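Peer 1: Can you keep this structure in mind? I'll have questions shortly.
Each reported figure results from applying straightforward, stated rules to the coordinates on display, with no laboratory input. Everything quoted here is computed from the prediction, not taken from an experiment. Cβ placement follows ideal geometry from the backbone for every residue including glycine, while neighbour counts extend to all protein chains displayed.
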């Protein structure tokens, strides 16, 4: 072996010791070097495969079957479950699109508010004033509460007859019998208002992080150029926050489309299931009615809808950047 190393070193001009270090491991050493990144990625890939990719594949597979959880046979139906969602005389058509409509109303109502209000809060909380840390904690505190706590709390507060909200309105001379949780459009107003109060603090924290990443030199240069506060906001703050706005917009839409606990606990779907969300309907259809095939098809359609919206957001912001 030493003779081979000496001959190879003489041919390449490298010292024998160096040649032994570099080539001694052969192809195995090169493969190990190329495989090192995948070893670091392996834990994530395993977790993603088990808890992310596998459920998606299983869900698509279930959607292609008549999947009754209580029966051993799950016959193949192909795209029949999907066709029923778009066939007006099917059993699930009306309820499915009613839940889609309710979710769309909620999402359209909450998304602009959860973009603008948290941004205004972040701009205020980014200033230096006494008690700034306290107020940051106060605005973020509701987000720490679980949806069960939020739902039950506001269900009692918004009750038409016994709720504190109507009692306060009565004291100030305003209509005191508003059906906040039993009639539209008040039920949607209640769901949107409660959700904005609950989650605005989280988005404000995201905006705060983005504001602190904008270089202070840009504001100083704008001040030297005589820019007003509005000019600084338009030409410095908003461009600097563009990636953050994209993140907040996309996550807010996805979270709003996943509405479940608020409508289940606050309005309980009233009136006549008009505030029943898509996720609630999918869970009810798949678990309570033992029809996992149609429920899985609904989940796939919902995921595709959210995927289209997310891609549209990214394309729009990329276009604006260009």
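Peer 1: Would region 196-204 turn up any residue that is over 19 Å from residue 119 (Cα atoms) and in contact with a helix residue (DSSP H, G or I) (Cβ under 8 Å, 6 or more places away or on another chain)?
Peer 2: Applying the first criterion (over 19 Å from residue 119 (Cα atoms)) to region 196-204 yields none.
There is no residue in region 196-204 that is over 19 Å from residue 119 (Cα atoms) and in contact with a helix residue (DSSP H, G or I) (Cβ under 8 Å, 6 or more places away or on another chain).
Peer 1: Let me ask another. So residue 102 ticks every box in (1) touching a helix residue (DSSP H, G or I) at 6+ places or on another chain (Cβ under 7 Å); (2) in contact (Cβ under 8 Å) with a residue 60 or more places away in the chain but one. Which box is left unticked?
Peer 2: Evaluating residue 102 over (1) touching a helix residue (DSSP H, G or I) at 6+ places or on another chain (Cβ under 7 Å); (2) in contact (Cβ under 8 Å) with a residue 60 or more places away in the chain leaves (1) as the failure.
Peer 1: Now a separate question. Between 272, 288, 312, 297, which is without any contact (Cβ under 8 Å) to a residue 60 or more places away in the chain and under 21 Å from the mean Cα position of the chain (by Cα)?
Peer 2: 312
Peer 1: Mind telling me which of the residues 131, 146, 52 ends up being over 28 Å from residue 282 (Cα atoms) and without any contact (Cβ under 8 Å) to a residue 12 or more places away in the chain? Break it down into steps so the answer makes sense when it comes.
Peer 2: Numbers: 146 fails: over 28 Å from residue 282 (Cα atoms); 52 fails: over 28 Å from residue 282 (Cα atoms).
Every option except 131 fails the conditions.
Peer 1: If residue 108 passes every condition in (1) at negative phi; (2) exposed (fewer than 15 other Cβ atoms within 10 Å of the Cβ); (3) more than 26 Å from the chain's Cα centre (by Cα) but one, which one does it miss?
Peer 2: (3)
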